[in-house]
Amino acid sequence: QVQLVESGGGLVQPGGSLRLSCAAAGVSLDYHTVGWFRQAPGKEREGVSCIGTQRGRIWYAGSVKGRFTISRDNAKNTVYLQMNNLKPEDTAVYYCATSRNRMIASSWARADLYDNWGQGAQVTVSS
């Protein structure tokens with residue numbers, strides 16, 4: 001069982017940056033696909049980004065491509081989501097999740113394919 005702890009959320013102005021961290025305990029993330037999802041009030045949870053194992057794939061939602069970067073630090077057993085040029089529409093609770101499944105382009109954003117979830121981190125983008 002993977003235990004996930006998120007950190008790095010907060011309030012930023014439009015155009016600002018935040019880096020979310022997803023630290024894992026109990027198992028190496030090398031064995032897992034790791035996804036970032038977000039959910040705004042009144043909206044369904046949506047996939048933001050996903051990274052496979054060390055030699056796996058990386059995907060981004062079209063709305064964040066070019067602004068967000070997902071990465072791993074295996075020594076720290078942590079996955080990051082660097083968020084640049086943040087926009088008000090990025091405001092949401094962001095969740096880290098893991099899956100033992102290998103993902104493809106048509107499945108990486110399906111929340112039902114992920115088994116373990118972090119507690120969520122609030123990101124608010126407002127002036």
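Quick notes on this one:
- Scanning region 110-126 for residues that are under 25 Å from ALA25 (Cα atoms), crowded, with 19+ Cβ neighbours inside 10 Å and of a type outside the set (Ser, Thr, Tyr) turns up GLY118, ALA121, VAL123.
- Scanning region 77-93 for residues that are among the hydroxyl-bearing types (Ser, Thr, Tyr) and out of contact with any Lys or Arg (no Cβ under 8 Å at 6 or more places or on another chain) turns up at least one hit.
- Test set (1) surrounded by fewer than 16 Cβ atoms within 10 Å (Cβ to Cβ); (2) touching a His at 6+ places or on another chain (Cβ under 7 Å) - ARG102 fails condition number: (2)
- A count restricted to region 1-47 and to residues that are part of a loop (DSSP other than H, G, I, E, B), closer than 20 Å to SER126 by Cα and open to solvent by less than 80 Å² (accessible area, probe 1.4 Å) stands at 7.
- Filtered residue count, region 48-68, keeping only those that are at pLDDT below 95, surrounded by fewer than 17 Cβ atoms within 10 Å (Cβ to Cβ) and not β-branched (Val, Ile, Thr): 4
- Test: residue in region 76-85 that is charged (D, E, K, R), open to solvent by 70 Å² or more (accessible area, probe 1.4 Å) and farther than 17 Å from LEU20 by Cα: no
- Residue-level analysis places SER71 outside the set of residues that are open to solvent by less than 70 Å² (accessible area, probe 1.4 Å) and over 16 Å from the mean Cα position of the chain (by Cα).
- Residue in region 17-36 that is over 13 Å from the mean Cα position of the chain (by Cα) and farther than 19 Å from ASN116 by Cβ present: yes
The values are calculated or read from the model by the stated rules, or taken from the named source; none is laboratory data. Bear in mind that the values here come from a model prediction, so they are computed numbers and not experimental data. Glycine also receives a Cβ, built like all others from the backbone with ideal geometry; neighbour counts cover every protein chain displayed. For the accessible areas, the whole protein counts, side chains as well, though only heavy atoms, and no ligand, DNA or RNA atoms are used. Shrake-Rupley method; radii C 1.70, N 1.55, O 1.52, S 1.80 Å.
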